[in-house]
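Q: What follows is a structure written as structure tokens; I'll ask about it next.
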Amino acid sequence: MESWRSTFAAPVGVTIARKMNGFRGLGLSLSNEDPVADTLAVVAAADRLGFEEVSLPESRLFNSVMPVAAAALHSTQRVTVRIGVANPVFRNPVLLALEAATLADIGAGRLRFGLGAAEWTVRRFGMDPPGWRPLTNTVEAVRAVRRLTAGEELDFVPTTFSVAPGLRLDRFPPVPVPVDVGAVSRRMMEVSGEFADGVQLGAITSVGYTRWARQRLAAGAARAGRNVDDLLLSANVLTSVAPDRREARNAVKEVLAYYLARVEGVVVDEAGADPDAVAAVRAAVAEGGEQAGAAVLSDSLVDVFGVAGTPDDVIEGLEPFAGAGLDLPLAWYTFGPDRDAGIRLLAEQVRPAVVNS
């Protein structure tokens, strides 16, 4: 805790040399494996340092995202806090709407509420209910949360949960809560374009996958008579920054090996990565774990699935994401070989170069 405060308070005296055609903002996507006090220290730093958003996940059984988000909103002044993402299998959509409305009351106008099926996690925990329909469940939850937090009753008859006809929240936010989907597949991406306020791409992403996702989101939006430019496409972008390029790049290799061994096929296929290089990492992870995978992970895979190196390297690595249609990169998880120094570098050197002013 103290190291975060003291390090983030230190100035960074570097002049930004260039400005790219930028994003709507730059956010941080955090891990839910850290103690809550540490997470809140990072959120407070993000608030002070000017990041537009922090994304709080609920991917494993460490922390429940809702109370952490409540504490984050209560203790900050300006940064948007994203639920990234909650699972509509674990919580009834009416309860999700109530939680969204309550969080919006704590941090008025500073909440984005993400929902996602998280099929891999649900099945790994053995918590998938009989007859589960992940896409339908997610779409119905998104529609319910959007309607209920807008003070409306449902405009459809749900098939994945029960609710009394005409039900409304007793108190709802003065401004509707934007609801995003943690989408991966083509179908989920397209229905998100029809019904959601945006999409958050997860775990690992790439320029190629981002471009594909934008196209699928646009196709769904067009079906519903919506403009894709009115939606927000955000993504967790594996990020590591440090003065030493090699140290920064090495810092992402284990986590990248972990996800390359597990991520859905479309994420790799649309990335344009060398399939032999990916296969080598997967074989090494299967035999010896993430450290073995990191040992054979090529620099080309780091370049495809992350932005890592000096601040200028990270700026250069983010630029093609803007061209692919990404609105909001969420620097994800690693940040650098020295985490707090990495976040400070992102705030002081990278953000001014990549965000539209």
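The values are calculated or read from the model by the stated rules, or taken from the named source; none is laboratory data. Note that the coordinates shown come from a computational prediction; the quantities given were computed from them, not determined experimentally. Cβ placement follows ideal geometry from the backbone for every residue including glycine, while neighbour counts extend to all protein chains displayed.
Q: Residues that are of a type in the set (Gly, Ala, Ser), modelled with pLDDT of 95 or more and either in a loop (DSSP other than H, G, I, E, B) or crowded, with 19+ Cβ neighbours inside 10 Å (or both): does segment 12-22 have at least one? First the steps, then the outcome.
A: Just the residues of segment 12-22 that are of a type in the set (Gly, Ala, Ser), to begin with: 13, 17, 22.
Within this subset, residues satisfying the condition of being modelled with pLDDT of 95 or more are none.
There is no residue in segment 12-22 that is of a type in the set (Gly, Ala, Ser), modelled with pLDDT of 95 or more and either in a loop (DSSP other than H, G, I, E, B) or crowded, with 19+ Cβ neighbours inside 10 Å (or both).
Q: Filtering segment 193-210 down to residues that are of a type outside the set (Asp, Glu) and touching an Asp or Glu at 6+ places or on another chain (Cβ under 8 Å), which residue is farthest from VAL268 (Cα to Cα)? Step through it out loud before you land on a result.
A: Of segment 193-210, the ones of a type outside the set (Asp, Glu) are 193, 195-196, 198-210.
Add one more test, that the residue is touching an Asp or Glu at 6+ places or on another chain (Cβ under 8 Å), and what stays is 196, 198-200, 206, 208-209.
Details: ALA196: 25, GLY198: 22, VAL199: 18, GLN200: 17, SER206: 9, GLY208: 9, TYR209: 8 Å.
Filtering first and then ranking leaves ALA196.
Q: I'd like the full set of residues that are surrounded by fewer than 22 Cβ atoms within 10 Å (Cβ to Cβ) and closer than 24 Å to THR39 by Cβ, limited to segment 321-348.
A: Those that are surrounded by fewer than 22 Cβ atoms within 10 Å (Cβ to Cβ) and closer than 24 Å to THR39 by Cβ: PRO337, ASP338, ARG339, ASP340, ALA341, ALA347, GLU348.
Q: Out of the residues in segment 273-301 meeting the condition of being part of a helix (DSSP H, G or I) and among the charged types (D, E, K, R), tell me which one is surrounded by the most Cβ atoms within 10 Å (Cβ to Cβ). Give the derivation first.
A: Going residue by residue through segment 273-301, those that are part of a helix (DSSP H, G or I) are 275-288, 290-296, 299-301.
Next, only the ones that are among the charged types (D, E, K, R) stay: 276, 282, 287, 290, 299.
Numbers: ASP276: 8, ARG282: 17, GLU287: 9, GLU290: 20, ASP299: 12.
So, considering only residues that are part of a helix (DSSP H, G or I) and among the charged types (D, E, K, R), the one surrounded by the most Cβ atoms within 10 Å (Cβ to Cβ) is GLU290.
Q: Suppose we keep only residues that are surrounded by 24 or more Cβ atoms within 10 Å (Cβ to Cβ) and farther than 13 Å from ALA324 by Cα within segment 202-235. Which one would you say is nearest to the chain's Cα centre (by Cα)?
A: So, considering only residues that are surrounded by 24 or more Cβ atoms within 10 Å (Cβ to Cβ) and farther than 13 Å from ALA324 by Cα, the one nearest to the chain's Cα centre (by Cα) is GLY202.
Q: Taking the conditions exactly as written (touching a residue at least 12 places away in the same chain (Cβ under 8 Å), out of contact with any helix residue (DSSP H, G or I) (no Cβ under 9 Å at 6 or more places or on another chain), closer than 23 Å to ASN236 by Cβ and surrounded by 14 or more Cβ atoms within 10 Å (Cβ to Cβ)), does GLY193 satisfy them or not?
A: Details: touching a residue at least 12 places away in the same chain (Cβ under 8 Å): yes; out of contact with any helix residue (DSSP H, G or I) (no Cβ under 9 Å at 6 or more places or on another chain): no; closer than 23 Å to ASN236 by Cβ: yes; surrounded by 14 or more Cβ atoms within 10 Å (Cβ to Cβ): yes.
So GLY193 fails the test.
Q: Within segment 275-297, can one find any residue that is out of contact with any Pro (no Cβ under 6 Å at 6 or more places or on another chain) and either within 19 Å of SER29 (Cβ to Cβ) or aromatic (Phe, Trp, Tyr) (or both)?
A: Restricting attention to segment 275-297, the residues satisfying the condition of being out of contact with any Pro (no Cβ under 6 Å at 6 or more places or on another chain) are 275-297.
If we keep only those that are either within 19 Å of SER29 (Cβ to Cβ) or aromatic (Phe, Trp, Tyr) (or both) as well, we get none.
No: zero hits.
Q: Under the condition of being small (Gly, Ala, Ser) and in a strand (DSSP E or B), which residue from segment 302-341 is nearest to VAL79 (Cα to Cα)? Spell out how you get there, then give the answer.
A: Start the filter on segment 302-341 by keeping residues that are small (Gly, Ala, Ser), which leaves 306, 308-309, 317, 322-325, 331, 336, 341.
Then drop every residue that is not in a strand (DSSP E or B), which leaves 306, 308-309, 331.
Working: GLY306: 24, ALA308: 24, GLY309: 26, ALA331: 15 Å.
Here the answer is ALA331.
Q: If ARG262 satisfies all but one of (1) assigned to a helix (DSSP H, G or I); (2) under 19 Å from the mean Cα position of the chain (by Cα); (3) surrounded by fewer than 16 Cβ atoms within 10 Å (Cβ to Cβ), what's the number of the condition it fails?
A: It is condition (1) that ARG262 fails.
Q: Please verify whether SER357 is without any contact (Cβ under 8 Å) to a residue 40 or more places away in the chain and at negative phi, treating the condition exactly as stated.
A: Numbers: without any contact (Cβ under 8 Å) to a residue 40 or more places away in the chain: no; at negative phi: yes.
Against the criterion (without any contact (Cβ under 8 Å) to a residue 40 or more places away in the chain and at negative phi), SER357 does not qualify.
Q: If you go through segment 173-195, how many residues are in a loop (DSSP other than H, G, I, E, B) and over 15 Å from the mean Cα position of the chain (by Cα)?
A: Step one: of segment 173-195, the residues in a loop (DSSP other than H, G, I, E, B) are 173-178, 182-185.
Remaining after also requiring over 15 Å from the mean Cα position of the chain (by Cα): 173-177, 185.
Residues flagged as in a loop (DSSP other than H, G, I, E, B) and over 15 Å from the mean Cα position of the chain (by Cα) within segment 173-195 amount to 6.
Q: Continuing with the same structure: Considering each of PRO129, PRO134, PRO178, PRO173 in turn, give the residue that is touching a strand residue (DSSP E or B) at 6+ places or on another chain (Cβ under 6 Å) and either closer than 25 Å to VAL266 by Cβ or in contact (Cβ under 8 Å) with a residue 24 or more places away in the chain (or both).
A: Working: PRO129 fails: touching a strand residue (DSSP E or B) at 6+ places or on another chain (Cβ under 6 Å); PRO134 fails: touching a strand residue (DSSP E or B) at 6+ places or on another chain (Cβ under 6 Å); PRO173 fails: touching a strand residue (DSSP E or B) at 6+ places or on another chain (Cβ under 6 Å).
Only one candidate qualifies: PRO178.
Q: Sticking with this one: Quick check on segment 304-317. Is at least one of its residues more than 24 Å from GLY84 (Cβ to Cβ), polar (S, T, N, Q) and touching a residue at least 40 places away in the same chain (Cβ under 8 Å)?
A: yes
Q: Could you look through segment 47-65, keep only residues that are part of a loop (DSSP other than H, G, I, E, B) and surrounded by fewer than 23 Cβ atoms within 10 Å (Cβ to Cβ), and pick out the one that is modelled with the lowest pLDDT? Working first, answer last.
A: Looking only at segment 47-65, we keep the residues that are part of a loop (DSSP other than H, G, I, E, B), and these are 50-52, 57-64.
Now narrow it down to the ones that are surrounded by fewer than 23 Cβ atoms within 10 Å (Cβ to Cβ): 50, 52, 59-64.
Numbers: GLY50: 98, GLU52: 99, SER59: 79, ARG60: 84, LEU61: 89, PHE62: 93, ASN63: 95, SER64: 95.
By that ranking, first place goes to SER59.
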